[in-house]
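First comes the structure, then the notes that go with it.
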Amino acid sequence: DGIRGLVRSRGLGDVYKRQERYWDSVPDPVEIPFDAAIEQLREELRRAVDLRLISDVPLGVFLSGGIDSSAVVALMAQQMNEPVKTFSIGFEYSPYNELPHARRVAEHFSTDHHEEIVRPDAIGLLPKLVWHYDEPFADSSAIPTYYVSRLARRYVKVVLTGDGGDELFAGYKHYRWLKKYETFDRLMGPLRRPLFSAAARLPVPLRYREILRRLSKPLPEITREALAAFTTEFMQTIAPNPPLSMEYPTSFRTADLWDRVPNGSFIERVMYADQKTYLVDDILTKVDRASMAVSLEARVPLLDHHVVELANRLPLDMKLHDGRILKYILKEMIRPWMPDGFIAERKQGFGVPLVQWFRTDLREYLNDRLLSQTVRERGLFDMKGVKRIIDEHVSGRMQLMDELWTLLFLEEWFTQFVDAEPSASSPSFDE
């Protein structure tokens, strides 16, 4: 009240109420030789990392074994007078286990390396995650993010991360197929949408109907649904008469962001939308809340504003080279620093083997939580629809781990914040 009174007395009411964007960086590519671009990027990243090494407490780095975190480790190793402390998480299920990649980087730079295996009983962490995230959160990689944060906190109080590289330098696989969609749309013209819309009504398996429906949509909507846990059609499977609005929030309407990128291509507009939505509301939120849950500070050198501005000025082909090579300039920049063959290795990313867990160790848990009497009485979802997507996944006909994780997180959120009595303090959790 005192501040409001001061504002009014000084005639600053309009300033107090006004909200405006004080900085933004949109893709606006300029011509630049590739070698010069690499040198500029190397210098900007070196400066960004150096700034974030300023600390009066021990610090380290999350190392996934991917391009982004490995670049940060390389730059830290060049600038520190002691071994870099690196922290990695892996899984027993080998397709998702990135520890060999991380270990190889750690050995190459002689880091003080620490790692941990996450097992299916990690689902017991769900109540703690829900409490700390404080809202339904549809990204299951919150699990390894919490574990790697907890591991790091045993040794340091500050970590650097490689977050932001995918959105700035075209690291997501969906950029490849969106590039193909764009070509497909240009070739088929006005026939694409009615043709695939009609095909989606044919009596084909749900898996193929989803693909056909996606092909029938406008490009901005295809882009948005690439990131959504549930497509509109899939939502209708479990909630044909939803009691709540199923509209996407205004901030996630991709088409609304495209007008800010007048000089960008389709993919550059998608990347900008990812920077403004997915990066902010998923990636950074995930890391911030998981790290803060264990009193760990996370710093993000790749999102230094000078790095962001440079990345958005680079031509698209330097990032998505030849329509297929992701993060091309970042890979070429760190190639001289990395072990032989490292750049060519295929990496999974920071995922969780929920595909396997939900079909084996967590199958019973899945049914107990999502088909319970409590869920039925809450009346939000059609139980036949929920059972259908569980069966589709468990049988192997479809991979619906993201949808199932989202429902599990939502159910636990209801349990803690809707069903339970209000509480001023957090529940008691064992480490």
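Residues are listed down the side, and each one gets a yes or a no for (1) crowded, with 17+ Cβ neighbours inside 10 Å; (2) modelled with pLDDT under 95; (3) in a helix (DSSP H, G or I):
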position	(1), (2), (3)
ASP256	no, yes, yes
ASN263	no, yes, no
ILE267	yes, yes, yes
ALA273	yes, yes, yes
ASP282	yes, yes, yes
VAL287	yes, no, yes
SER291	yes, no, yes
ALA298	yes, no, no
LEU302	yes, no, yes
Looking for something among the β-branched types (Val, Ile, Thr), open to solvent by less than 10 Å² (accessible area, probe 1.4 Å) and either out of contact with any helix residue (DSSP H, G or I) (no Cβ under 8 Å at 6 or more places or on another chain) or part of a helix (DSSP H, G or I) (or both) - is there at least one such residue anywhere in region 308-322?
no
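In the set ASP382, ASP340, which member is out of contact with any helix residue (DSSP H, G or I) (no Cβ under 9 Å at 6 or more places or on another chain) and on the phi < 0 side of the Ramachandran plot?
Details: ASP382 fails: out of contact with any helix residue (DSSP H, G or I) (no Cβ under 9 Å at 6 or more places or on another chain).
So the residue among ASP382, ASP340 that is out of contact with any helix residue (DSSP H, G or I) (no Cβ under 9 Å at 6 or more places or on another chain) and on the phi < 0 side of the Ramachandran plot is ASP340.
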Of (1) touching a Lys or Arg at 6+ places or on another chain (Cβ under 8 Å); (2) open to solvent by 60 Å² or more (accessible area, probe 1.4 Å); (3) in a helix (DSSP H, G or I), ASP166 satisfies every one except (2)
Collect the residues in region 373-397 that are farther than 23 Å from VAL418 by Cβ and without any contact (Cβ under 8 Å) to a residue 12 or more places away in the chain, keeping them in residue-number order.
LYS384, ASP391, SER395
Return yes when ALA226 is modelled with pLDDT under 70, of a type in the set (Gly, Ala, Ser) and within 29 Å of SER395 (Cα to Cα) and no when it is not.
yes
Only one of these conditions is not met by THR231: (1) among the hydroxyl-bearing types (Ser, Thr, Tyr); (2) surrounded by 19 or more Cβ atoms within 10 Å (Cβ to Cβ); (3) under 18 Å from LEU407 (Cβ atoms); (4) at pLDDT below 75. Which number is it?
(2)
For region 94-134, give me each residue that is surrounded by fewer than 16 Cβ atoms within 10 Å (Cβ to Cβ) and of a type in the set (Ser, Thr, Tyr).
SER94, SER110
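Among the residues of region 333-341, is there at least one that is assigned to a helix (DSSP H, G or I), open to solvent by 50 Å² or more (accessible area, probe 1.4 Å) and out of contact with any Cys (no Cβ under 9 Å at 6 or more places or on another chain)? I'd like the intermediate steps shown before the answer.
Our first condition is that a residue be assigned to a helix (DSSP H, G or I); within region 333-341, this holds for 333-337.
Now drop any that are not open to solvent by 50 Å² or more (accessible area, probe 1.4 Å), which leaves 335-336.
Still in the list and also out of contact with any Cys (no Cβ under 9 Å at 6 or more places or on another chain): 335-336.
Checking region 333-341: at least one residue is assigned to a helix (DSSP H, G or I), open to solvent by 50 Å² or more (accessible area, probe 1.4 Å) and out of contact with any Cys (no Cβ under 9 Å at 6 or more places or on another chain).
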Go through (1) part of a strand (DSSP E or B); (2) modelled with pLDDT under 95; (3) of a type outside the set (Phe, Trp, Tyr) and name the single condition SER140 misses.
(1)
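The values are calculated or read from the model by the stated rules, or taken from the named source; none is laboratory data. Fair warning: this is a prediction, and the values are worked out from it, not measured in the lab. Every residue, glycine among them, receives a Cβ derived from its backbone with ideal geometry; neighbour counts consider all protein chains shown. We work out accessible area using only protein heavy atoms, side chains counted, and drop any ligands, DNA or RNA first. Shrake-Rupley method; radii C 1.70, N 1.55, O 1.52, S 1.80 Å.
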